[in-house]
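Colleague: Just passing along the structure, written as structure tokens.
The values are calculated or read from the model by the stated rules, or taken from the named source; none is laboratory data. Given the structure is predicted, the values throughout are model-derived calculations rather than measurements. Virtual Cβ from ideal backbone geometry, glycine too; neighbours counted across all protein chains shown. SASA here: full protein model, heavy atoms, side chains in, ligands and nucleic acids out. Shrake-Rupley method; radii C 1.70, N 1.55, O 1.52, S 1.80 Å.
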Amino acid sequence: MKNKKTQIKEGIQFHQIETNKFKTNLFAIFITLPLTRENVTKDALLTAILRRGTKNLATQEEISKTLEEMYGAGFDCGIEKSGDYHTIKFYLEVINEEFLPEKENLSQKGLALLFDIAFNPYTEKEAFQEQYVVQEKENLKQIIEGKIDNKANYALERCIEEMYQGKPYGLYKYGYREDLETITAKDLYAYYLEVIQKSKIDIFASGQLEANLEEIVKENPNIQKLQPRNVNLSIEENKEEQIQVKEIIENMEVTQGKLVIGLDVLAKQKNVTYITMLYNTILGVGSNAKLFQNVREKASLAYTCSSNYSKRKQIIMIRAGIEIENYEKALQIIKQQLEDMKKGEFTQEDIQNAKNLIFSTIANIEEEQDTEISYYFGQELAKSNVTIEEYRKKIEEITKEQIVELAKKIEINTIYFLRD
Amino acid sequence: MKVIESLKIKEKVYIEQFENGLTVLLVPKTTTNKKYAIWGTHFGSIDNHFIMPETKEEVYVPDGVAHFLEHKMFEQENGKNSLDTLMALGVDANAYTTNDHTAYLFEATQHFEEALEELMDYVQHPYFTDENVEKEKGIIAQEIGMYDDDPAWQLYMNALDCLYKENAIKIDIAGTVESISKIDKEVLYKCYNTFYHPSNMVMVVCGNFEVEEMLKKIKAKLIEKPKQGEIKRIYAPAEKEIHKPYKETQMEVSQPAFIVGFKDRVEAENMVQRHIAIEILMNMLLGKSSPLYQQLYQEGILLAQPDLDYEFTKEYAHVLFSGQSKEPKKVQEALLKEIQRQKENFDQTHFERMKKKVYGDYVVEYNNIADIARMLLADYLKQIQSFDYIEQFQSVTPEYTKQILQEVFDEKKCILSVVKAK
């Protein structure tokens with residue numbers, strides 16, 4: 001097994017991925033908690049506050065200076081939706097010492113700093129620093145308002161929001177402007193303490209790792225103060241077919257219309273995620289895909305038209321940028337592709353092409369440090385343990401019959417169009 | 001064959017020039033499962049006026065031709081599209097056009113040989129018809145529409161408009177709906193025959209392979225072409241001064257976006273050292289730990305560290321600071337003040353720290369074979385050997401950097417481009 005997983009404490013896992021492909025070592029901490037309307041904005045605010053200062057390095061300036069001294073160690077943190085969960089992600093990347101002008105062990109230093117940022121924040125009187133909270137609330141407000149800036153992403157967000165009204169997955173990962181006023185530095189800190197003591201924590205290390213890294217992690221004072229926790233993440237609920245397709249048209253100043261179509265995967269067959277991956281690739285990934293061929297190449301209606309599959313939610317999102325007056329025409333062609341999939345109107349060659357594409361995605365996992373970490377984190381969340389070889393084999397075995405069976409259980413949930 | 005090795009970064013590049021003029025750069029790496037091949041021609045959006053080497057005909061081409069040609073190269077006489085063929089092999093294929101070059105590339109974990117053959121086939125066999133050229137106009141018009149809605153792109157184009165009066169870098173890479181309407185197959189063939197000659201091209205392959213074998217494979221697929229003389233490219237003369245200090249436009253954005261730019265002179269000497277010094281300086285001025293960034297962040301004027309870029313070829317050179325702010329003018333004023341302060345009071349410790357950071361940034365570039373190959377290609381076309389960024393690093397002194405600060409970050413060469421909210 002390439003990913004060596006050990007439990008540090010109940011609910012806290014340490015994953016070591018040994019690899020010599022990179023000039024860097026990458027460390028990551030993922031804190032996973034339920035996604036709720038009540039806390040969504042606080043989660044996003046936390047990522048912003050934590051990067052402001054630690055007990056040892058009280059200001060962002062000191063943190064930045066420390067990172068720069070470490071040959072520009074890369075630090076980032078952010079927040080992602082993982083199905084109905086919210087994951088706060090921290091990353092720190094350091095250069096492997098063999099590529100430095102003068103030898104220096106940056107890995108231990110980097111890992112300690114990462115723990116400090118995540119688990120040892122700068123506080124004053126049992127609260128986050130007031131000024132930091134005020135500033136970060138303002139910044140987050142602007143990020144939330146900035147949702148409209150990228151029209152294509154905005155359209156995608158809106159479509160998902162419509163598909164999951166009142167449900168966790170419909171929430172915007174950065175939260176909501178109206179929540180910000182009521183969050184105080186004290187409440188947020190209390191919430192933070194609860195988050196780090198109750199949430200699932202996954203720590204990742206990738207690169208040419210030291211043999212005693214596990215000990216180093218266990219002995220880190222920040223890790224020692226974490227309590228064991230019982231975390232049982234639920235797997236997704238069953239989906240039911242929607243009675244009527246939602247169709248939403250909204251206006252904004254755009255020169256190009258942004259069309260988004262959300263599909264539900266209602267199939268329950270064995271290996272459904274792997275079969276859906278193949279279905280999605282034939283439909284909308286790459287230039288051989290039905291969407292690209294028919295919407296762009298044959299009808300010349302779009303520059304982009306593709307689809308994307310979210311495993312955890314069992315949905316496929318189709319996106320196209322089109323001339324506004326071509327809405328009906330594009331929609332009709334896209335619907336026709338879905339019908340053709342149901343009728344099995346695709347060849348063995350289409351299937352093989354799609355498999356080849358997925359094989360290269362699989363082969364690529366190990367070639368990027370963050371992608372490899374994400375893969376193993378996905379396995380962790382899905383409570384599965386599929387190796388990269390097994391993954392490939394599962395794709396290899398899928399037949400046309402299975403894809404057609406699945407296609408019959410794929411239905412449009414929402415059609416969203418952003419136009420002028 | 002020439003071999004250049006960097007002991008610091010532990011990489012080697014093998015350089016071979018074939019008889020027909022094609023240059024090949026090979027970077028073998030045993031630790032990856034992948035191979036990445038990129039074939040570039042020194043032909044970009046700025047090359048809109050030139051003299052054909054054989055006929056000596058002087059040609060003006062419509063804006064957006066290089067990019068249009070890139071789109072059309074995939075189409076084959078047998079009705080197939082090479083991009084589809086490559087994707088069907090499971091390789092990740094693509095192409096792109098920049099100001100100064102066009103490149104065709106793919107990345108493979110399997111079927112590399114078939115893919116390389118396909119790449120070399122389609123790049124060497126153009127097939128343009130009236131019909132297929134017409135059809136492409138609709139697709140490219142949509143691509144242009146996509147950029148029209150992109151505030152970041154509009155901001156950048158306006159910054160270039162401030163920096164240059166006549167320079168061809170101001171031409172939108174994709175052209176305009178109007179300019180591409182004038183493109184026909186004759187124009188495409190003229191450009192193809194001029195710029196897609198091996199002597200104007202370079203191929204880079206990076207990944208897991210044997211050098212000699214790879215060279216053989218490439219050689220075997222090259223078709224014979226008569227030697228070609230030099231292509232004379234005609235550009236507007238270099239302008240010392242900026243075009244205008246300020247330009248703004250309004251779009252539906254939540255918050256204004258800005259670019260503060262400084263025009264640099266072209267054809268400066270020691271471009272690698274100059275580039276390193278400028279990167280260090282940009283970081284000293286507005287990097288994460290810089291006093292100015294800390295101040296503007298505290299004041300809520302900057303939300304995130306601006307992007308720092310230095311772009312240059314023989315035809316243009318400029319420094320760009322781009323970000324979002326509710327008060328772009330304040331950012332510019334504060335930056336100019338900070339430049340003045342650092343000119344008078346150069347902080348050596350800060351310099352050493354940013355130098356380390358910039359070194360780390362260069363090393364990280366070598367994490368990914370695609371990044372390596374693309375970097376080698378882009379640098380080669382600028383007549384730069386990429387490893388020099390690592391090798392010459394130590395030679396960038398505080399004294400030299402101070403001198404560059406005085407020279408490049410000049411208030412008279414400063415522009416501001418703003419996209420305002422409606």
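Colleague: Can you tell me which condition B:Ala103 does not meet? The list is (1) open to solvent by 40 Å² or more (accessible area, probe 1.4 Å); (2) outside any helix (DSSP H, G or I), and all the others hold.
Modeller: Evaluating B:Ala103 over (1) open to solvent by 40 Å² or more (accessible area, probe 1.4 Å); (2) outside any helix (DSSP H, G or I) leaves (1) as the failure.
Colleague: Right, next: Condition (residue is among the aliphatic types (A, V, I, L, M) and closer than 20 Å to B:Ala304 by Cα) applied to segment A:29-39: is it met by at least one residue? Talk me through it step by step, then tell me what you get.
Modeller: Residues of segment A:29-39 among the aliphatic types (A, V, I, L, M): A:29, A:31, A:33, A:35.
Remaining after also requiring closer than 20 Å to B:Ala304 by Cα: none.
No, the conditions are met nowhere in segment A:29-39.
Colleague: Take A:Leu114 and tell me if it is at pLDDT 95 or above and more than 12 Å from chain B (Cβ to nearest Cβ). Walk me through how you get there before you give the answer.
Modeller: Details: at pLDDT 95 or above: yes; more than 12 Å from chain B (Cβ to nearest Cβ): yes.
So A:Leu114 fits the description; yes.
Colleague: Something else about it: Can you work out which of the residues in segment B:281-296 that are at the interface with chain A (Cβ under 7 Å from one of its Cβ atoms) and under 30 Å from the mean Cα position of the chain (by Cα) is farthest from A:Glu61 (Cα to Cα)? Walk me through it before giving the result.
Modeller: Taking segment B:281-296 as the starting set, the residues that turn out to be at the interface with chain A (Cβ under 7 Å from one of its Cβ atoms) are B:288-289, B:294.
Retained after the next criterion (residues that are under 30 Å from the mean Cα position of the chain (by Cα)): B:288-289.
Working: B:Lys288: 7, B:Ser289: 5 Å.
Top of the filtered list is B:Lys288.
Colleague: Can you pull out the helices (runs of 4 or more DSSP H) entirely within segment B:125-185 that have at least 2 residues that are in contact with a strand residue (DSSP E or B) (Cβ under 9 Å, 6 or more places away or on another chain) and more than 14 Å from chain A (Cβ to nearest Cβ)? Write out each step before concluding.
Modeller: Details: elements: B:130-148, B:151-163, B:177-180.
The qualifying helices (runs of 4 or more DSSP H) are B:151-163.
Colleague: Then there's this: Take the residues in segment A:201-217 that are touching a strand residue (DSSP E or B) at 6+ places or on another chain (Cβ under 7 Å) and open to solvent by 10 Å² or more (accessible area, probe 1.4 Å), then tell me which one is nearest to A:Val231 (Cα to Cα). Talk me through it step by step, then tell me what you get.
Modeller: Step one: filter segment A:201-217 for residues touching a strand residue (DSSP E or B) at 6+ places or on another chain (Cβ under 7 Å), giving A:201-209, A:213-214, A:217.
From what's left, open to solvent by 10 Å² or more (accessible area, probe 1.4 Å): A:208-209, A:214.
Numbers: A:Gln208: 30, A:Leu209: 28, A:Glu214: 21 Å.
Applying the filter and picking the extreme gives A:Glu214.
Colleague: State which residue is nearest to the other protein chains (Cβ to nearest Cβ) when the search covers only segment A:349-369 and only residues that are free of Cβ contacts under 8 Å to residues at least 24 places away in the same chain and farther than 24 Å from B:Tyr366 by Cβ.
Modeller: Taking the candidates together, the pick is A:Asn356.
Colleague: Give the residues of segment A:1-15 that are of a type in the set (A, V, I, L, M, F, W, C) and closer than 21 Å to A:Lys225 by Cβ, sorted by residue number. Steps first, please.
Modeller: To start, the set of residues in segment A:1-15 that are of a type in the set (A, V, I, L, M, F, W, C) comprises A:1, A:8, A:12, A:14.
Within segment A:1-15, A:Ile8, A:Ile12, A:Phe14 meet the criteria.
Colleague: Residue pairs, Cβ under 8 Å, 6 or more apart or interchain, first in segment B:383-410 and among the charged types (D, E, K, R), second in a helix (DSSP H, G or I) and crowded, with 16+ Cβ neighbours inside 10 Å. List them.
Modeller: That search, which allows pairs on different chains as well, returns B:Asp388/B:Val272.
Colleague: Also, I was wondering about something else. Can you tell me which residue among A:Lys400, A:Lys383 is closer than 15 Å to A:Asn280 by Cα and out of contact with any Cys (no Cβ under 9 Å at 6 or more places or on another chain)?
Modeller: Working: A:Lys383 fails: closer than 15 Å to A:Asn280 by Cα.
Matching residue, one of A:Lys400, A:Lys383: A:Lys400.
Colleague: Which is surrounded by fewer than 20 Cβ atoms within 10 Å (Cβ to Cβ) and hydrophobic (A, V, I, L, M, F, W, C), of A:Ile8, A:Ile63, A:Ile49? Before the answer, list the steps.
Modeller: Details: A:Ile63 fails: surrounded by fewer than 20 Cβ atoms within 10 Å (Cβ to Cβ); A:Ile49 fails: surrounded by fewer than 20 Cβ atoms within 10 Å (Cβ to Cβ).
Matching residue, one of A:Ile8, A:Ile63, A:Ile49: A:Ile8.
Colleague: Can you tell me which residues in segment A:189-200 are buried (at least 19 other Cβ atoms within 10 Å of the Cβ) and either among the polar types (S, T, N, Q) or farther than 18 Å from A:Ile223 by Cβ (or both)?
Modeller: If the condition is that a residue be buried (at least 19 other Cβ atoms within 10 Å of the Cβ) and either among the polar types (S, T, N, Q) or farther than 18 Å from A:Ile223 by Cβ (or both), then A:Tyr189, A:Ser199 are the ones that fit.
Colleague: Please give the number of the condition B:Ala95 fails out of (1) open to solvent by 30 Å² or more (accessible area, probe 1.4 Å); (2) assigned to a strand (DSSP E or B); (3) within 12 Å of chain A (Cβ to nearest Cβ); (4) in contact (Cβ under 8 Å) with a residue 24 or more places away in the chain.
Modeller: Every condition holds for B:Ala95 apart from (1).
Colleague: Right, next: Would you call A:Lys147 within 30 Å of B:Pro151 (Cβ to Cβ), assigned to a helix (DSSP H, G or I), open to solvent by 20 Å² or more (accessible area, probe 1.4 Å) and free of Cβ contacts under 8 Å to residues at least 40 places away in the same chain?
Modeller: Numbers: within 30 Å of B:Pro151 (Cβ to Cβ): yes; assigned to a helix (DSSP H, G or I): yes; open to solvent by 20 Å² or more (accessible area, probe 1.4 Å): yes; free of Cβ contacts under 8 Å to residues at least 40 places away in the same chain: yes.
Yes: the conditions hold for A:Lys147.
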